[in-house]
Structure formats: structure tokens, C-alpha cells
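These notes concern the structure reproduced below.
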Amino acid sequence: GQLVTSPARLVKAWYIRDKESGETWSAFFSPIGAKSDEYEIIYQPGQATAFCLKNKLASSLTIASVPSHSYELWSVELENRSARHRTLEFTTYVELAGSSPLEALYRPQEKALLMRRPLGAGDIGPADSPIATCVIFHSSTLAPGRFAIERTDFTGDGRTLSNPVYIEDTRS
């Protein structure tokens, strides 16, 4: 029953980047603002699936909520419909509600990024804040190449989620 992300602005984003061409798009129109060759959203009870076809690469992103639990499941399927080999990079962005400092730990065996309020952080707001009382995690079946904790490390100076420097950075 507590918000972990803010409903007031864009706090979740998904990026797909073709590593050869450098072109970047999203399963949704936002945040990049680029139109797809084909696009469809299918709503079912407790989930939504966004299908996108761009440059002969099909992506399907399903976001499902789990009744009586405080998490979402994201399932991503990518299909190369072209005749050439493609190397893709998939990046997720999640901005948590509140402005409390978080410490992060990546657990390679579980392929999970764990975040929590530092024990010595002192009073950071209401005791019922999800950030104050929870461990937040982001996990994947694939090992991430890297991660950023601060929004400015992801977006860069003077940039937004529509053109983050993190996506253009070719380290990985």
C-alpha cells in the first residue's frame, strides 16, 4: 500500500540500443520520443504488454503486478527479424520515491542489485516510508554489465531521460 516510485513524473524507463549502429529506442514512445514501425499494447488483468517493432527488431515488454505483493515482474523478449547478426543492450531505469540516500550492493550470484537506507543515515522522514523500512531490489536473469545509483550519473549534466549520457556511454 506504499508508493515506491512517484506517480507524478516519469520514474521508470526502458532502453534498447543496437550496439553496432548506436541507435536507441524504447518499448514505449516515452522517454526517447521515437516512433516505432509497429506498436501495440495489450491489457490483461494485472498486466500490460507493449509490443514494438523498430528496424526489424521486435521487442515485447510485459509488466505484471502480483496481487497482495509489493513488486512488479518485467518480462522482456527480443527477436531479431533481420538477416544480419545484432548485438543489443537493454537498460532499465527506476527512480525510487523520496530523496533519501541509499547504499547499494550488487550480488553477482543472484544477479541482483540491492538498495537500502544506510543504517547511520539518521532520520530521513516518516517511519512508514518504504525507503526507510525496505530493501529494494532489481534482478535479472542476465548479469548486468554495469549500474548507476545517482540520477545525474545516469542522465548526465543538463540531460533528461530522453537522452541520458549513460546510454551513449559505450563502456561495458
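Worth a mention:
- Approximating the spin labels as points 7 Å out from Cα along Cα→Cβ, the Ala64-to-Gln44 distance works out to 0.7 nm.
- Backbone geometry of segment 144-161 corresponds, through the Karplus equation with coefficients 6.51, -1.76 and 1.60 at θ = phi - 60°, to 3J(HN,Hα) couplings of x, x, 5, 7, 10, 9, 8, 4, 5, 5, 7, 7, x, 5, x, 10, 10, 5 Hz, x marking Gly and Pro.
- Förster radius 22 Å - calculated FRET efficiency between Val165 and Phe90 (Cβ-Cβ, nearest 0.05): 0.80
- Net charge of neighbours whose Cβ lies under 9 Å from the Cβ of Glu103, counting Lys and Arg as +1 and Asp and Glu as -1: +2
- Close amide H contacts of Leu57 (hydrogens built in the peptide plane, cut-off under 5 Å, sequence separation of 5 or more or a different chain): Arg81.
- Extension gain, Glu77 back to Leu105 (0.36 nm per residue minus Cα-Cα distance, nm): 7.4 nm
- Positive-end residue, segment 33-102 charge dipole about Cα centroid, Cβ charges, pick of Gly46, Phe90, Ser75: Phe90
- For segment 10-67, the relative contact order comes to 23 percent (Cα pairs under 8 Å, sequence separation of at least 6).
- Within the shell defined by Cβ-Cβ distances under 15 Å, the residues around Glu20 carry a net charge of +2, with Lys and Arg each +1 and Asp and Glu each -1.
Readers should treat all values here as calculations from the given coordinates under stated rules, not as data from a laboratory. Predicted model only: the values in this text are computed from it and were never measured. When we count neighbours, we look across all protein chains shown, and the Cβ atoms used for this are built from the backbone with ideal geometry, even at glycine.
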